[in-house]
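Laboratory data are not the source of any read-out in this text; all were calculated from the coordinates shown. Nothing here was measured: the structure is a model prediction, and the numbers come from that model. Note: ideal-geometry Cβ built from the backbone for every residue, glycine included; neighbour counts use all protein chains shown.
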Amino acid sequence: MTSDRSVRPGSSRRRRVLIGLVATTGALVLAACSGPSSGNQNTSANTASGSAPSSGGPLHVSVISHGTSGDAFWNVVKNGATDAGKQLGVTVDYQSDGDPGAQSKLIDNAVAQKVGGLVVSMANPDALKNSIDNAVKAGIPVITINSGGDKSAAFGALAHVGQDEGIAGQEAGKRFKDAGKSKLLCVIHEAGNVGLNQRCDGAKQGFGGTVTNLQVDINNPTDVESRIKGALQADPAIDAVLALNPQVAVNAVSAAKGANAKAQIATFDLNADVVSAIKAGDVQFAVDQQQYEQGYLPVVMLKLYHDNANTVGGGRPVLTGPGFVDKSNVDKVAQYATRGTR
């Protein structure tokens, strides 16, 4: 696991949880195991085929996210899951679909295949509830990641791995407040994604000044840039823009330049373009939820549960963020982003 603890604040409790988890993982991994590999991984680790959940036999884990094909963020999640699978001898397959109905069907298919464990992101928890209920009833352990942490325990999942979106939003808002900003534009790029609304709600709490939400469609980058530019031109008092996605952050940088606006821009999550923008001073900071951990840790946790009936977190989420990347640490983080693990 390649998390850089220095780039994010964390409670002593969370550090103890993650340190203990890493130590236990070390006992499971063969002495010859390698660290995270570079680039995107194959969808499945080449190990034995899956079996019904039990304490014996090989383990097959299905990771089903709401990401879209080729999305840089979810590629890092996939890298984490497949790296963990290779290191621990677990078969891992990764599938994704941004449509909640289609994602639910992927879960149903995994249950029908009697996989040994499920890792599911829940951008739209209610749409997935029946499918997750069926998985739990079938005796398949489920760990939720990224989104929907507030519904995870109620749905019967063993644990949730991710960041608290409200807390992350608050911390982002505080950063803008400390920079002396007074009017914030929060750009929501996916309708119906509860986590994005939680980020903006948190930003309002942390910011203290005026916060306006702007709804855009990430599938239409030209329109995203046009809408942000229009908002900045319509209200020159906007002096801060919070994007909730790296691609949107890049669009916001172009929009601000096109509108001759001096608003500072920050974003959630990292990619190579955001790293470059931070270095250039076009983006002030990125909220880093360290999504590699969101792929890696659940596979470790399911392996521990499969082999030793261990659970992690004590009923509370295992938090992977928020961390912050800015000019003070971007050079160090950049090398990990390049290899696909940040």
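Near VAL211, once Lys and Arg are set to +1 and Asp and Glu to -1 for all other residues with Cβ below 13 Å from its Cβ, the sum equals +3. Under a model in which nothing but the beta-carbon of Lys, Arg (+1) and Asp, Glu (-1) is charged, the range 273-342 shows a dipole of about 120 debye around its Cα centre. Maximal additional length on extending the VAL136-ARG339 stretch stands at 69.5 nm, based on 0.36 nm per residue less the C-alpha distance.
Fewest to most neighbouring Cβ within 10 Å: what's the order for LEU297, LEU128?
LEU128, LEU297
Taking a straight line from the alpha carbon of LYS279, these aspartates and glutamates sit under 12 Å away, with near neighbours fewer than eight places off in the same chain left out: ASP326, ASP331.
Dipole orientation for the range 52-166: of the candidates ILE64, PRO100, ASN124, ILE64 has the Cα lying most toward the positive pole (charges on Cβ; Lys, Arg +1; Asp, Glu -1). Beyond 18 Å in Cα-Cα separation lie the following of the pairs LYS129/LYS151; LYS114/LYS151; LYS151/LYS174; LYS151/LYS303; LYS183/LYS229; LYS177/LYS262: LYS114/LYS151; LYS151/LYS174; LYS151/LYS303.
Annotation for ASP235 and LYS114: the two label points, set 7 Å from Cα along the Cα-Cβ direction, are 5.7 nm apart.
Taking the Cα centroid of the range 84-159 and of the range 200-267, what is the distance between the two, rounded to the nearest whole Å? Answer, in whole Å: 33. For a paramagnetic label modelled on ASP326 (point 7 Å from Cα along Cα→Cβ), amide N atoms under 11 Å away belong, within the range 176-212, to 176-180. A straight Cα-to-Cα reach below 12 Å connects LYS327 with the aspartates and glutamates ASP282, residues fewer than 8 places away in its own chain not being considered. The modelled label-to-label distance between THR212 and ASP178, using points 7 Å beyond Cα along the C-beta direction, is 2.7 nm. Dividing the mean sequence gap of close Cα pairs (under 8 Å, 6+ apart) by how many residues the range 165-288 holds gives a relative contact order of 24 percent.
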